[in-house]
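First the structure, in the form of structure tokens, and then the observations on it.
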Ligand code: NAP
């Protein structure tokens, strides 16, 4: 195995930095430090932990310009979006600072005992294996409830955002009272299984592709470690005949192209009934034409490159194969002649079963428009996927759309007349091949605690 690797700026194709993998001895030390620190951290009261969470939120804001620039350099998202990501992280630490005491309070249950209740006790050291697409949000949205619950985290981040990972670790290492609450190991994916097996690791949280999620689940299952899986998605956005088309187009274009289209809950499949198919398609093409890509470090940029050329090439292949199988290319679809991982906003129409654009997740700025015969057919198509992360329905009959979102869509996050998005106040996660377990809200904090029954007679 190579002992070092490079990160590449996807906007230029130039090397950014060379990193050495963390040695076996250092990994062992990190695990030992985490286990020791967790013992003192779990002994702090929840109000004390909340004070610390609030400080972490403030630290993130204090360093947001530097952190944001690193994310943009490493994975190419527009600088403004990097800053917005960090602000959301800070809000999430504040949210758990405000609510941890309420979420972790003992819950009395009346039984025959003189006293019986549910108590939430820490689990220990949680291993986080995270993706690059929101390099801070993915980590911090997991970390805030994990810390609130009295646990600590060891992070193995995606290799292409190693600079972001180290900057996060440095934030914690520079503050004496935060030391070892979050530590980072730089390792390839192949080194994760032995980490899951390590006795210091009590649980695992994974966000990433479904293929790697299966490996994590298998290793965690083998060692009987609690785990949460946040995996891929191919969210359906269903446009019904009474939808406000202008509004739907605006929301769909923004959702598909935000973060370069590299979000698990991006709008990915646009399923449209016949009456509004032409109007929606014309609107989406016009909206995509207005979104040209530019240097992500510029303040004005709204669309950067994709994060890596290998991922860009995979996406291009999915587009090419879909066209070969009969999809109509309405916009984009050609590789720009410039260094870096650039890909233009692309729209495919007439997408049908059997095409990659119908069957697979498109993780980049490509919209797949799928014609449906009627409302029932649209909902059938929406659920005709292995994924179940998010989904949205657009209709001016909000009561009807709400009922469909609640009862028919097979996804963890179902929205009406808005883009699916995460919010610290609401649970977030998937069903089917999009994973299991939930992050955020009260549910998220309860994933990594021992939900203990106490019975006193
Ligand atoms: P990925 O390839 O699965 O990588 C995710 C993490 O797993 C990285 O840290 C990666 O490390 C590591 N890894 C790779 N191979 C591994 C192995 N064999 N064993 C253990 N770990 C391994 O995913 P990605 O391309 O970074 O992220 C995109 C995917 O994540 C998309 O499918 C997206 O939908 C999904 N996602 C889901 C959510 C959600 O909340 N549900 C949120 C964001 C993204 P290296 O980088 O070193 O390979």
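Tabulated values for the structure
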quantity	calculated
Qualifying positions in segment 297-311 - in contact (Cβ under 8 Å) with a residue 12 or more places away in the chain and within 12 Å of the ligand (Cβ to nearest atom)	306, 307, 308, 311
Strands (runs of 3 or more DSSP E) wholly inside segment 188-282 containing at least 2 residues that are within 15 Å of the ligand (Cβ to nearest atom)	201-207, 226-230
Residue among 272, 265, 249, 276 that alone is touching a helix residue (DSSP H, G or I) at 6+ places or on another chain (Cβ under 9 Å), over 28 Å from residue 83 (Cβ atoms) and surrounded by 22 or more Cβ atoms within 10 Å (Cβ to Cβ)	272
Residue list for segment 96-140, filter: part of a loop (DSSP other than H, G, I, E, B) and within 16 Å of the ligand (Cβ to nearest atom)	130, 131, 132, 133, 134, 135, 136
Residue 165, sole failed condition from (1) within 12 Å of the ligand (Cβ to nearest atom); (2) in contact with a helix residue (DSSP H, G or I) (Cβ under 7 Å, 6 or more places away or on another chain)	(2)
Positions within segment 352-377 being more than 26 Å from the chain's Cα centre (by Cα) and surrounded by 20 or more Cβ atoms within 10 Å (Cβ to Cβ), in sequence order	372
Matching residues in segment 36-91 - criterion: being buried (at least 17 other Cβ atoms within 10 Å of the Cβ) and in contact with a strand residue (DSSP E or B) (Cβ under 8 Å, 6 or more places away or on another chain)	37, 38, 41, 73, 74
When residues of segment 371-390 are limited to those that are in contact with a helix residue (DSSP H, G or I) (Cβ under 6 Å, 6 or more places away or on another chain) and under 29 Å from residue 133 (Cα atoms), the one nearest to the ligand (Cβ to nearest atom)	389
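Each reported figure results from applying straightforward, stated rules to the coordinates on display, with no laboratory input. Small disclaimer: the values here were computed from a predicted structure and weren't measured. Ideal geometry is used to build each Cβ from the backbone, glycine not excepted, and the neighbour counts take in all protein chains shown.
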